[in-house]
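Each value in this text was obtained by applying a stated rule to the coordinates, not by laboratory testing. Everything numeric here is computed off the predicted structure, so don't read it as measured data. Cβ: placed from backbone, ideal geometry, glycine included. Neighbour counts: every protein chain shown.
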Amino acid sequence: MAEVTILVGDRPHTVYCQEGGEARVRMLGQMLDQRWPAALRASGGHNGERALLFVALMLADALEEAERRPPAGAAVSEAALARIAERLEALADALDPEDRGHLG
């Protein structure tokens, strides 16, 4: 196990991870720390535990939004598939029967 110390809101937190995972844990810690000022404001300046709760809620909200939205180009709508099919059919119709035999 590797030991990594991350800073969240100027407070050090020591966590353990698998060997080789230290850079990822540091990067995740930076994500938490980037959201810390907004979370602290949202918590009304209360204790760190409540601010960490708000950090978690912000990250959960971002995750839920990302899960609802498919990656760009990952999904093709049925309308787009229908247009592609029509174009392919028009292209096939434009080919003379002799050329069609060479396609397949």
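Data overview
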| quantity | calculated |
| --- | --- |
| Counted charge near Leu7, where neighbours are those whose Cβ lies closer than 15 Å (Asp, Glu -1; Lys, Arg +1) | -1 |
| Surrounding net charge for Phe54, when Lys and Arg each add one and Asp and Glu each subtract one, Cβ distance under 13 Å | +1 |
| Length added when fully stretched, Leu81-Ala60, from 0.36 nm per residue minus Cα-Cα | 4.2 nm |
| Cα gyration tensor shape of segment 2-68, rounded if a/c is under 1.5, else prolate or oblate by comparing a/b with b/c | oblate |
| Under 15 Å, Cβ to Cβ, from Cys17 - net charge with Lys/Arg +1 and Asp/Glu -1 | -1 |
| Nonlocal amide H pairs with Val8, under 5 Å, H built at 1.01 Å | His13 |
| Charge dipole (debye, nearest 20) of segment 13-56; +1 at Cβ of Lys and Arg, -1 at Cβ of Asp and Glu | 200 debye |
